[in-house]
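Rule-based calculations on the coordinates, nothing more; no lab input. Please read all numbers here as calculations on a predicted model, not as lab measurements. Virtual Cβ from ideal backbone geometry, glycine too; neighbours counted across all protein chains shown.
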Amino acid sequence: MVAPVCTIPWAAASTWVPTTPSKFSQINNKKPEASGPLPQSRIKRCGFFCFYRQHPKLERIRPEKPLRKALYPIAFTMRYSLPTGSDIGNKLKQIARSQLERALAETELADGEKATHQIRKRGKKMRALVRLIRTTDPASESLYQFENAHYRSVNDLLSGSRDATSLYQALVQQLQAEDFPQMAAYLKARIPQATGNELFEARNLLQRGRLHIDDWKVDQLTWKDLRRGYRKSYRRACKALKKARKNEDDQSFHTLRKRVKDQWYHSRLLQHRYPKKIGKRCKSLNTLAGDLGDWRDLRLLCHFLARNSANLDPEVRAELIPLLDRAQQRLQILRKDIDRHCQQLFARKTWRKQKKWQTAVE
């Protein structure tokens with residue numbers, strides 16, 4: 001069994017204190033070794049990674065589960081979630097740096113479409129993070145305005161093929177593209193090819209954003225400030241839901257989706273501190289955001305095909321009516337799921353109220 005050697009300096013100097021006999025200490029019926037320098041033959045677990053080397057006594061030993069492939073260096077593997085405890089400002093900075101380092105690594109991906117999608121997702125997470133602390137003081141408002149505009153420019157830079165890609169993905173993921181081969185080929189041909197210039201410019205913006213983090217004035221943040229930001233995010237989602245039900249148009253539901261994704265990101269950030277009230281909402285919010293995205297993409301697909309039906313080739317036009325019928329059935333199912341999730345997630349009346357002491361800040 002040949003495997004990479006741990007090259008982390010502090011790993012070789014650390015100590016290993018066994019508490020119970022392990023699989024490795026039971027080889028040849030030997031007792032657990034005493035504490036001391038970490039043997040290079042032992043497995044050293046660190047975050048998402050395992051490092052080990054070849055050893056004659058470990059030839060018959062195999063890990064019970066396959067080791068996870070190292071996608072990112074250890075330096076930026078912090079999860080998008082705040083740990084419990086104090087020093088909130090420093091932890092927020094670490095999360096922000098982790099997201100930017102991952103985004104910078106993703107600019108080097110060979111698949112340009114995947115890189116674009118991942119970087120845009122990192123930008124949304126960064127905007128949601130600064131939006132959570134927006135109302136703590138005037139300085140946080142200035143921080144939000146600056147960083148929100150910065151990462152919006154990153155996402156806008158990479159949005160050239162977004163609509164064309166979403167139409168094709170709506171057909172493939174929701175309507176069984178194999179039943180409509182001509183339409184699938186037509187929609188796929190409309191997706192512009194990435195030139196690489198956008199990713200290069202996005203990388204420069206991300207590097208500048210990484211330098212901004214050291215200047216964030218968030219050292220005085222408290223959990224009370226984050227609860228206040230979460231309640232405001234909840235109220236914005238409730239207002240967007242009310243407007244979407246009233247107007248019943250695509251733009252209102254798109255706004256609702258953005259507010260739901262904010263709630264999802266904020267719930268992920270606070271899930272460890274408040275697992276019962278906030279953490280348990282993460283899964284349902286993610287499902288609701290996905291349903292709203294699918295609903296919007298299908299609506300865009302139907303509108304696009306209706307507007308351009310006269311310009312379609314005869315073989316493509318022959319698949320139009322069956323495709324629209326299936327899309328309408330799918331839209332009805334999605335709408336029922338959306339209404340059900342909204343009823344469950346936004347029924348907490350206490351979070352809708354805005355206290356007097358919050359009005360002056362917000």
Toy charge model, Lys and Arg Cβ at +1, Asp and Glu Cβ at -1: segment 74-355 dipole around Cα centroid in debye, rounded to 20, equals 2300 debye
Expected unfolding gain across Phe146-Lys277 under the 0.36 nm per residue rule, minus the alpha-carbon gap, is 44.0 nm
Taking 243-256, 266-279 and ranking on average Cβ neighbours within 10 Å, highest first, one gets 266-279, 243-256
Set Lys188/Lys280; Lys91/Lys232; Lys232/Lys336; Lys121/Lys283, cut-off 29 Å on Cα-Cα distance; pairs above it are Lys188/Lys280
A correct fewest-to-most ranking of Ser309, Ser166 by other Cβ atoms within 10 Å would be Ser309, Ser166
Counting only DSSP loop positions in segment 99-172, the chymotrypsin sites (Phe, Trp or Tyr not before Pro) whose Cβ has at most 12 other Cβ atoms within 10 Å are none
With the dipole of segment 221-262 defined by +1 on each Lys or Arg Cβ and -1 on each Asp or Glu Cβ, the option from Gly229, Ala240, His254 whose Cα lies farthest towards the positive pole is Gly229
Expressed in angstrom and rounded, the centroid-to-centroid distance over alpha carbons for segment 286-332 and segment 155-221 is 20 Å
Computed on Cα atoms only, the convex hull of segment 74-355 has an orientation-averaged projected area in nm² of 16.2 nm²
Exposure-ranked with fewest Cβ neighbours within 10 Å first, Ile333, Ile321 stand as Ile321, Ile333
Per-residue Cβ contact counts at 10 Å, fewest first, order Cys302, Cys342 as Cys302, Cys342
For 197-205, 185-193, ranked highest to lowest by mean beta-carbon neighbours within 10 Å, the order is 197-205, 185-193
Scattering profile of segment 137-234 from the Debye formula, Cα beads only, expressed as log10 I(q)/I(0) at q = 0.12, 0.19, 0.25 Å⁻¹, is -0.66, -0.95, -1.23
